[in-house]
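Notes for the one structure printed next.
The values are calculated or read from the model by the stated rules, or taken from the named source; none is laboratory data. Computed from a predicted structure; not experimentally measured. As a convention, Cβ positions derive from the backbone with ideal geometry for all residues, glycine included, and neighbour counts pool all protein chains shown. Note: areas computed on protein heavy atoms with side chains; ligands, DNA, RNA excluded. Shrake-Rupley method; radii C 1.70, N 1.55, O 1.52, S 1.80 Å.
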Amino acid sequence: MSTIYLKLGGSLITDKAGVEAARPDVLRRLAAEMAAARRENPRLSLLLGHGSGSFGHVAGARHGTRQGVSTADQWRGFVEVSDAALRLNRRVVAALLAAGLPAMSFSPSASARVQDGRMVDLATAPIAAALAHGLLPVVHGDVAFDAGRGGTIISTEEVMACLLEAIPAGWFLLAGETDGVYSQSGSTIPRITRAAFTGVAPALGGARGTDVTGGMASKVEQMLALVERHPDLRIRIFSGQTPGALRELLDDPSLPLGTEISP
């Protein structure tokens, strides 16, 4: 089985309308579902990422870090955003370890190279080694040094897209708080392609709560670009709030849950 990329959305594992409001019960359940899938299939190769939700996004919006960093106050904000993102990351990893998963955190800020808000490179060899040894690498949205802006924020999707260049995957699962991507009538769109995107874009709107890296429209646009670069990749956006959904999709990502994004 090829590696499955899984992203736990910040809106799923935190209350993005609050400030540093984690959802420990959701984290425990999701960790238990991942652990159950690994017990069922010990060869399951999983690379996990998670959003920053009401931790990093709130701090990032307060300091304007995404737009750039130059003054002493902004650099102070830069490290505060980093600290907030890491506080959530430690909670996620702790929940995974408590469920019996061999989780290991890899903070993107330690190796990411960014130019004017665009990720250029990221150290992938340590993460590939972790996968080769049966570990569960965990990455997250983070701050990064930027050759053009001084500093910035990189999203979890941007980090995982960079990793895909060196560590291929068959599926990229995005677990959020909605059943998928909704149409203007409120129903779940089963599949989105580039050709169909223009028709559904007006319904996507922005993000609930504070999100400095864009809302659903931005996420879908990023995912379409990703499958265009990697034609063998399939992406599924689904609800992580539905008990058992994550377990089912780790067993069989092709199940028709949520919204599939394909070329």
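Looking at the structure I just gave you, is A85 assigned to a helix (DSSP H, G or I) and more than 16 Å from the chain's Cα centre (by Cα)? Spelling it out, it is not the case that A85 is assigned to a helix (DSSP H, G or I) and more than 16 Å from the chain's Cα centre (by Cα).
When restricted to residues that are closer than 30 Å to A32 by Cβ, open to solvent by less than 80 Å² (accessible area, probe 1.4 Å) and either polar (S, T, N, Q) or out of contact with any strand residue (DSSP E or B) (no Cβ under 8 Å at 6 or more places or on another chain) (or both), region 94-125 contains 8.
Would you please name the residue that is nearest to I153 (Cα to Cα), looking only at residues in region 61-82 that are hydroxyl-bearing (S, T, Y) and not in a helix (DSSP H, G or I)?
Taking region 61-82 and keeping what is hydroxyl-bearing (S, T, Y), we get 65, 70-71, 82.
Right, trim to not in a helix (DSSP H, G or I) and you get 70-71.
On the way: S70: 14, T71: 16 Å.
In this case the residue turns out to be S70.
Of all residues in region 152-163, those satisfying the criterion of being among the hydrophobic types (A, V, I, L, M, F, W, C) and either open to solvent by 10 Å² or more (accessible area, probe 1.4 Å) or assigned to a strand (DSSP E or B) (or both) are I153, I154, A161, C162.
In the list R91, R149, which residue meets the criterion of being touching a residue at least 24 places away in the same chain (Cβ under 8 Å), touching an Asp or Glu at 6+ places or on another chain (Cβ under 8 Å) and either open to solvent by 10 Å² or more (accessible area, probe 1.4 Å) or under 23 Å from G244 (Cα atoms) (or both)?
Working: R91 fails: touching an Asp or Glu at 6+ places or on another chain (Cβ under 8 Å).
Checking each option against the conditions leaves just R149.
Might you let me know whether region 23-32 holds any residue that is outside any helix (DSSP H, G or I) and open to solvent by 10 Å² or more (accessible area, probe 1.4 Å)? Within region 23-32 (the criterion being outside any helix (DSSP H, G or I) and open to solvent by 10 Å² or more (accessible area, probe 1.4 Å)), the answer is yes, since at least one residue qualifies. Being modelled with pLDDT of 90 or more, open to solvent by 20 Å² or more (accessible area, probe 1.4 Å) and either in a loop (DSSP other than H, G, I, E, B) or more than 24 Å from V19 (Cα to Cα) (or both): is that true of P202 here? No; evaluated as a whole, the condition is false for this residue.
For first residues located in region 9-31 and polar (S, T, N, Q), partners that are open to solvent by 60 Å² or more (accessible area, probe 1.4 Å) and lie 6+ apart or on another chain with Cβ distances below 9 Å form the pairs S11/R208; T14/E20. Here the condition is being open to solvent by 60 Å² or more (accessible area, probe 1.4 Å), under 20 Å from H133 (Cα atoms) and not aliphatic (A, V, I, L, M); of E40, E80, it holds for E40 alone.
Search region 145-160 for residues being closer than 22 Å to L6 by Cα and not β-branched (V, I, T), and hand back the single one that is modelled with the highest pLDDT.
Step one: list which residues in region 145-160 are closer than 22 Å to L6 by Cα, which gives 153-160.
Filter once more, so that each one left must be not β-branched (V, I, T): 155, 157-158, 160.
Working: S155: 92, E157: 92, E158: 94, M160: 97.
Top of the filtered list is M160.
Restricting to region 77-93, give me the number of residues that are closer than 14 Å to L27 by Cβ and either touching a strand residue (DSSP E or B) at 6+ places or on another chain (Cβ under 7 Å) or of a type in the set (S, T, N, Q) (or both).
Taking region 77-93 as the starting set, the residues that turn out to be closer than 14 Å to L27 by Cβ are 87-93.
Narrowing the set further to residues that are either touching a strand residue (DSSP E or B) at 6+ places or on another chain (Cβ under 7 Å) or of a type in the set (S, T, N, Q) (or both) leaves 88-89, 91-93.
The qualifying residues number 5.
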